[in-house]
């Protein structure tokens, strides 16, 4: 009796195995991490709902929204291995004057730096670096404030590190160009500006001691 039962069990198991192997599966089975399998797509330029991305809160108990920015200290793939050490605050702006261009200026492709300047900066600051770009046009353009004239003595004396700080974080009416220009490209453009100014590296501006360094009234780029 026991032998017969064993034979029947073996037969049923064999039939089940054969049927299972021939069956076309219509389901991938259980998903261990559904958030990784099914992306939470969102429309371009649409504000993100933090409930769909995080339930984290800050010390004040408010939800933390995803801001599209990379983790602090990370370096974009293909970018130069150099990290700007200062934050976007008054102290960082003051200390930026001590930062020097990490690139070998003699090895920079100046025609390429000129091209990057015209694409990203010339529309405001002008192809002649005189602050009279298409958006200003001597005050007849759509821009409400005169962009900075790079050929002024004040701009010639501005340290290259301070220029990098402004391009990276934005300054007054000018927004940040960190998403448009890589770290290397920002330094290349700054080197090009200094070359056109006839200045090597730019003078280190005296550090400001008050808290208004980062809150100067908007006067344009």
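The values are calculated or read from the model by the stated rules, or taken from the named source; none is laboratory data. Please read all numbers here as calculations on a predicted model, not as lab measurements. Neighbour counts are summed over all protein chains in view; Cβ atoms, including those assigned to glycine, are modelled from backbone coordinates with ideal geometry.
Values for this structure:
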| quantity | calculated |
| --- | --- |
| Helices (runs of 4 or more DSSP H) (entirely within segment 102-191) containing at least 2 residues that are under 27 Å from residue 85 (Cβ atoms) and out of contact with any strand residue (DSSP E or B) (no Cβ under 9 Å at 6 or more places or on another chain) | 110-120, 153-156, 160-169 |
| Residue match in segment 155-170 (condition: crowded, with 20+ Cβ neighbours inside 10 Å and farther than 23 Å from residue 90 by Cβ) | no |
| Test: residue in segment 73-91 that is surrounded by fewer than 10 Cβ atoms within 10 Å (Cβ to Cβ) and at pLDDT below 80 | yes |
| Subset tally (residues that are touching a residue at least 40 places away in the same chain (Cβ under 8 Å) and either more than 24 Å from the chain's Cα centre (by Cα) or farther than 19 Å from residue 119 by Cα (or both)) for segment 145-170 | 13 |
